[in-house]
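Reviewing the structure listed below.
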Amino acid sequence: MNARDLPSAAPWTADVLTLFPEMFPGPLAHSLAGRALEDGLWRLNAVDIRSFARDKHRVVDDAPFGGGPGMVMRPDVVDEALASVVSARDDQVPVVFLSPRGTPLTQARIHALAEGPGAVMLCGRFEGIDERVVEAWSMEEISLGDFVLSGGEPAAIALIDACVRLLPGVMGGLGSSEEESFEGGLLEYPHYTRPRTWRDREVPEVLISGHHEKVRAWRLDQAERITRERRPDLWTRYAAQGSGMKR
Ligand code: SAH
């Protein structure tokens with residue numbers, strides 16, 4: 001599918017505020033996301049926060065009040081950068097601050113973001129960003145997980161990638177994403193392809209049977225087993241939904 005085949009609304013647009021705009025599109029220029037970007041199914045705008053610094057040395061950070069290690073990104077510079085990006089848009093776009101203190105990102109949040117107009121994403125560097133500008137913009141703080149990156153850029157790339165693959169036309173013939181990990185509250189079942197025997201390991205017999213109902217039941221069984229073993233947190237939620245909600 002191509003942008004020309006879609007309704008004329010503006011495509012899903014990612015604005016990324018970063019001190020390293022040259023990191024974009026980076027991995028997003030390749031494969032599914034890259035092709036969709038070329039086809040105009042989504043747009044990417046990487047904005048250099050440093051270009052909003054006022055002084056001649058283009059300083060964007062300063063020492064933390066109260067002392068301690070590292071530097072903190074200044075609220076006035078970040079605010080100017082955000083204002084320029086948000087005022088250039090004619091929609092109600094969520095402003096996201098990628099942060100290890102944020103709500104851990106989930107597939108449910110990705111779906112909601114993919115259904116909206118896009119996202120404005122703020123990538124921190126150094127120790128982080130002055131709290132006042134985070135509050136003033138009521139930013140949604142999103143974390144990629146319980147670990148610390150050196151900057152928000154890889155998190156923004158991950159968020160964009162996960163959204164873009166859900167946009168209409170992007171996955172094309174690759175099939176629905178409905179059976180994938182998390183979509184039904186379960187991790188995905190295991191996959192197999194040719195050869196049928198590899199290093200004395202056989203493909204499970206049921207998958208060769210041609211019996212669609214048995215294949216479906218086996219896959220559900222495997223997905224449940226893997227989820228139970230690996231992610232008790234997901235399993236508890238899934239089990240609580242009751243069988244009527246499954247898949
Ligand atoms: N001092 C901070 C870490 C700063 S890391 C703390 O202890 O919480 C620098 C930047 O990397 C952050 O401002 C944030 O934008 C980004 N970052 C680090 N870990 C992240 C994570 N798990 N998810 C999203 N962004 C992250």
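The values are calculated or read from the model by the stated rules, or taken from the named source; none is laboratory data. Bear in mind the structure is a predicted one, so any value in this text is a computation, not a measurement. Every residue, glycine among them, receives a Cβ derived from its backbone with ideal geometry; neighbour counts consider all protein chains shown. SASA here: full protein model, heavy atoms, side chains in, ligands and nucleic acids out. Shrake-Rupley method; radii C 1.70, N 1.55, O 1.52, S 1.80 Å.
Rounded to the nearest 500 deg cm²/dmol, what is the calculated helix-only ellipticity per residue at 222 nm for the chain, with -39500 (n - 2.57) per DSSP H run of length n ≥ 4?
The helix-only estimate for the chain comes to -9500 deg cm²/dmol at 222 nm.
Taking Cα pairs under 8 Å and at least six residues apart, what relative contact order does the chain come out at, in percent?
19 percent
Roll a 1.4 Å probe over the protein heavy atoms and report the accessible area of Arg43 in Å², nearest 10.
120 Å²
Residues of the chain: accessible area per residue at 1.4 Å, in Å²?
59 Å²
What residue among Gly70, Ile157, Ala36 has its Cα farthest toward the positive end of the dipole of the chain, where the charges are +1 on Lys, Arg and -1 on Asp, Glu, each on the Cβ?
Ala36
Express as a percent, rounded to the nearest 5, the fraction of DSSP beta bridges in the stretch 3-164 (both residues included) that run antiparallel. Intermediate results must be reported in sequence, preceding the final value.
Working: 2 of 25 bridges.
Percentage antiparallel, nearest 5: 10.
Per the Kirkwood treatment, what hydrodynamic radius in Å, one decimal, follows for the stretch 179-241 from the mean inverse distance over all distinct Cα pairs? Display every interim value, and only then the final one.
Numbers: mean 1/r = 0.0781 Å⁻¹.
Final number for the Kirkwood radius of the stretch 179-241 is 12.8 Å.
Run the 1.4 Å probe and let me know the accessible area of Trp235, rounded to the nearest 10 Å².
Ignoring ligands and nucleic acids, Trp235 comes out at about 60 Å².
Probe 1.4 Å, all protein chains in place: accessible area of Met23 in Å², nearest 10?
Per-residue accessible area (Met23): approximately 70 Å².
Ignoring ligands, DNA and RNA, please state the percent of accessible area on the chain from carbon and sulfur, probe 1.4 Å.
Working: 7560 of 14620 Å².
Looking at the chain in its full context, I get 52 percent from C and S.
Two-decimal Rg/Rh of the stretch 3-164 from alpha-carbon positions, Kirkwood Rh?
Rg/Rh for the stretch 3-164 comes to 0.97.
How about the stretch 106-202: which GluC sites (Glu not before Pro) there lie in a loop by DSSP and see at most 15 other Cβ atoms within 10 Å?
Glu127, Glu178, Glu180, Glu183
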